[in-house]
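Peer 1: One structure follows; several queries about it will come next.
The values are calculated or read from the model by the stated rules, or taken from the named source; none is laboratory data. For clarity, every value in this text was computed on a predicted model and none was experimentally measured. Here Cβ is always computed from backbone atoms with ideal geometry, including for glycine, and neighbour counts include all displayed protein chains.
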Amino acid sequence: MNVTVIVPTYNEIENITDLVTQILALPIDARIIVVDDNSPDGTGDAADALAAENARVSVIHRAGKLGLGTAYVAGFKKALADDADLICTMDADFSHHPKYIPAMVELAKVHHVTIGSRYVPGGGVENWEWYREFLSWGANHFARLMLGLHANDCTAGFRCYHRAVLENLDLDAIFSNGYSFLIEMAYKCQRMGCSFGETPIIFANRARGTSKISQQEIFKAMYTVARLTASRLRFWRRPVAHIAPVR
């Protein structure tokens, strides 16, 4: 199957060349779409140079910092237009290490959505302060409880989707942006009847560059969970169109 990896970037000049090089070296012949939000540090130019050297790399340039969710949507649309069978998403800072991508792709043989998960046996985090670990664990379990999500790591951005999943979602109707987009995607995929598979990863704190997580993102995620919970309670009796099983 054709695999495309979407990498949103903003000021990742210290990471983008190494990351793309490692993805290209994987034994899965993946294509890469870098979605750059007009990074002031020259990340977009570095991505263009990589694309000029390798036809498997392409770049989407956006006018400014428009948010993680819309970056994913832009990448999804291009990947679908390029006939990708599997579409993976990951961070650009090596907190999601490329070495885990083949296991996610393998798991996609039997699941609609696969996740590089911190919260299954063998998974975890590395070099995190205790309070960040607690906030992440709490946010994840709060979302699972309120929305009835089956995935153990429902706030993870390290995912692989079958193209049919994205084709059956109205991507432009997803309200959330930022990291709360990930929660809404998990909720909508589950509502559609998608099966989820999780493979363990070690999520490492970035070694280079600056974290994009802010306190505002945490509040946005809480709002997203509250909004989706209200929707779940209001429409829980309505039938939901189910996606065909993975074959």
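Peer 1: Within the set of pairs 6+ apart or on separate chains, which have a first residue in segment 64-81 that is touching a residue at least 24 places away in the same chain (Cβ under 8 Å) and farther than 12 Å from Asp172 by Cα, a second that is of a type outside the set (Phe, Trp, Tyr) and assigned to a helix (DSSP H, G or I), and C-beta atoms under 7 Å apart?
Peer 2: Short answer, once both residue conditions are applied: Leu80/Arg163; Leu80/Leu166; Leu80/Glu167.
Peer 1: Give segment 114-148 a look and list any residue that's within 20 Å of Lys188 (Cβ to Cβ), in contact (Cβ under 8 Å) with a residue 24 or more places away in the chain and surrounded by fewer than 23 Cβ atoms within 10 Å (Cβ to Cβ), or say none.
Peer 2: Selection gives Ala139, Phe142, Met146, Leu147, Gly148.
Peer 1: If I go through segment 124-165 residue by residue, how many of them are under 26 Å from Asn2 (Cβ atoms) and basic (Lys, Arg)?
Peer 2: Total meeting the criteria: 2.
Peer 1: Please verify whether Lys109 is touching a residue at least 60 places away in the same chain (Cβ under 8 Å) and surrounded by fewer than 18 Cβ atoms within 10 Å (Cβ to Cβ), treating the condition exactly as stated.
Peer 2: yes
Peer 1: Scan Ala51, Ala71, Ala47, Ala55 and give me the residue that is over 29 Å from Lys220 (Cα atoms) and either within 20 Å of the chain's Cα centre (by Cα) or of a type in the set (D, E, K, R) (or both).
Peer 2: The match here is Ala47.
Peer 1: Among (1) at pLDDT below 95; (2) in contact with a Gly (Cβ under 7 Å, 6 or more places away or on another chain); (3) under 25 Å from Thr229 (Cα atoms), where does Thr114 come up short?
Peer 2: Just one mismatch for Thr114, condition (1).
Peer 1: What residue, among those in segment 80-102 that are in contact with a helix residue (DSSP H, G or I) (Cβ under 8 Å, 6 or more places away or on another chain) and among the small types (Gly, Ala, Ser), is farthest from Leu19 (Cα to Cα)?
Peer 2: Among residues in segment 80-102 that are in contact with a helix residue (DSSP H, G or I) (Cβ under 8 Å, 6 or more places away or on another chain) and among the small types (Gly, Ala, Ser), the one farthest from Leu19 (Cα to Cα) is Ala84.
Peer 1: Sticking with this structure for a sec: Do we have any residue at all in segment 89-96 that's crowded, with 22+ Cβ neighbours inside 10 Å, under 13 Å from the mean Cα position of the chain (by Cα) and in a strand (DSSP E or B)?
Peer 2: yes
Peer 1: What's the total number of residues in segment 32-47 that are part of a loop (DSSP other than H, G, I, E, B) and buried (at least 18 other Cβ atoms within 10 Å of the Cβ)?
Peer 2: Qualifying residue count for the region: 2.
Peer 1: Another question, if that's okay. Picking from Asp83, Asp29, which residue would you name as being at pLDDT 95 or above, out of contact with any Phe, Trp or Tyr (no Cβ under 9 Å at 6 or more places or on another chain) and in a loop (DSSP other than H, G, I, E, B)?
Peer 2: Asp83
Peer 1: Please determine, by comparing only the residues of segment 161-202 that are among the polar types (S, T, N, Q) and outside any helix (DSSP H, G or I), which one is surrounded by the fewest Cβ atoms within 10 Å (Cβ to Cβ).
Peer 2: Ser195
Peer 1: Condition first: among the β-branched types (Val, Ile, Thr), closer than 29 Å to His112 by Cβ and surrounded by fewer than 24 Cβ atoms within 10 Å (Cβ to Cβ). Now tell me which residues in segment 1-31 satisfy that.
Peer 2: Val3, Ile23, Ile28
Peer 1: Identify, please: which residue in segment 203-215 is modelled with pLDDT of 65 or more and surrounded by fewer than 19 Cβ atoms within 10 Å (Cβ to Cβ) and is, among those, nearest to Gly124 (Cα to Cα)?
Peer 2: Filtering segment 203-215 for residues that are modelled with pLDDT of 65 or more and surrounded by fewer than 19 Cβ atoms within 10 Å (Cβ to Cβ), the one nearest to Gly124 (Cα to Cα) comes out as Ala204.
Peer 1: Still on this model: So which of Lys109, Lys78, Lys99 is among the basic types (Lys, Arg), farther than 16 Å from Glu167 by Cα and outside any loop (DSSP other than H, G, I, E, B)?
Peer 2: Residue meeting the stated conditions: Lys99.
Peer 1: Name every residue in segment 48-70 that is of a type in the set (A, V, I, L, M, F, W, C) and either within 23 Å of Ala108 (Cα to Cα) or assigned to a strand (DSSP E or B) (or both), in order of residue number.
Peer 2: Within segment 48-70, Val57, Val59, Ile60 qualify.
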